Structures are given as C-alpha cells and as structure tokens.
Amino acid sequence: EEELLKAVKNNESLRLSFTLHLTETTSIEWETIVWRGTLYIRVPSCLLPEGSKEGFVSLLEYAEEVLQCNNVVVCLRKDRPDR
C-alpha cells in the first residue's frame, strides 16, 4: 500500500481492481483508474448482486480516506439492462 500511496501523491495514473466479497459465493469486481486526485470507476456491465451498494460505498470511502481522492467519476454503459 505504501507504493500505491506514493504513486497517488506523484499524480501517476494507476489502474486498480477492487474485488469485494459480498458472501462466500458472491463477489463483485470494480475496475478503476486513479489519476490526479480523481477516481474513475467502471460499473460492471452485469446486473449487480445484492450487497453491491454497500460495497460501492466502501469503495468510495477508501478513495476518500486512503487514496485522498477529491473527485469520483462513475462510468455506466448506456445499454445496461437495469438502467
């Protein structure tokens, strides 16, 4: 994590994957990029499982508290079935 925080402070572009285990059999992966104090999040194209909201909030908290992000951009596919 130390190298990660150093790269964030140097405004390097970082691609990060967050895998959140919601239950023993269910997990969700969030693809993100951190660049210049902004976290860009690609919402998975599949239907999100129960508990994803809490996982998403945890991701936002991590971005604010650990990565020190000032902004978040959330990217959704236009043709999502739950849009």
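The numbers here are math on the coordinates, done by the rules we state, and not lab data. All values reported here derive from a predicted model rather than from experimental measurement. Cβ coordinates were reconstructed from backbone atoms using ideal geometry, including for glycine residues, and neighbour counts include every protein chain displayed.
General remarks:
- Leu16 long-range amide H proximity, modeled H, under 5 Å: Thr32, Ile33, Val34
- Dipole axis of the stretch 12-83 (+1 Lys, Arg; -1 Asp, Glu on Cβ), positive-most option in Ile33, Val57, Cys75: Cys75
- If you take all other residues with their beta carbon under 15 Å from the beta carbon of Phe18, and give Lys and Arg +1 and Asp and Glu -1, the sum is -4.
- Each residue of the stretch 4-20 was assigned a 3J(HN,Hα) from its phi angle through the Karplus curve 6.51 cos²θ - 1.76 cosθ + 1.60 (θ = phi - 60°); the sequence is 4, 5, 5, 5, 5, 5, 8, 6, 6, 7, 10, 9, 10, 10, 10, 9, 10 Hz, with glycine and proline shown as x.
- From phi via Karplus (6.51, -1.76, 1.60), per-residue ³J(HN,Hα) for the stretch 63-75 in Hz, x at Gly/Pro: 4, 6, 7, 9, 7, 6, 6, 9, 9, 9, 10, 9, 10
- In this simple spin-label approximation, Trp35 and Asn11 carry label points 7 Å from Cα along the Cα→Cβ vector, and these lie 1.3 nm apart.
- Largest first, the extents of the alpha carbon coordinates of the chain on the three principal axes equal 38, 31, 16 Å.
- Residues of the stretch 51-83 falling in the label zone of Thr19, defined by backbone nitrogen less than 12 Å from a point 7 Å along Cα to beta-carbon, are absent.
- Note on Cys46 and Val66: the model spin-label points, each 7 Å out from Cα along the C-beta direction, lie 2.3 nm apart.
- Every helix of 4 or more DSSP H residues in the chain counts as -39500 (n - 2.57), and over all residues that averages to -8000 deg cm²/dmol at 222 nm.
- Normalised by the number of residues in the stretch 1-78, the average gap of Cα pairs under 8 Å and 6 or more apart makes the relative contact order 28 percent.
- Proximal charge balance of Leu5 [Cβ under 13 Å; K/R count +1, D/E count -1]: -3
- Placing +1 on the Cβ of every Lys and Arg and -1 on the Cβ of every Asp and Glu, with nothing else charged, gives the chain a dipole about its Cα centre of roughly 520 debye.
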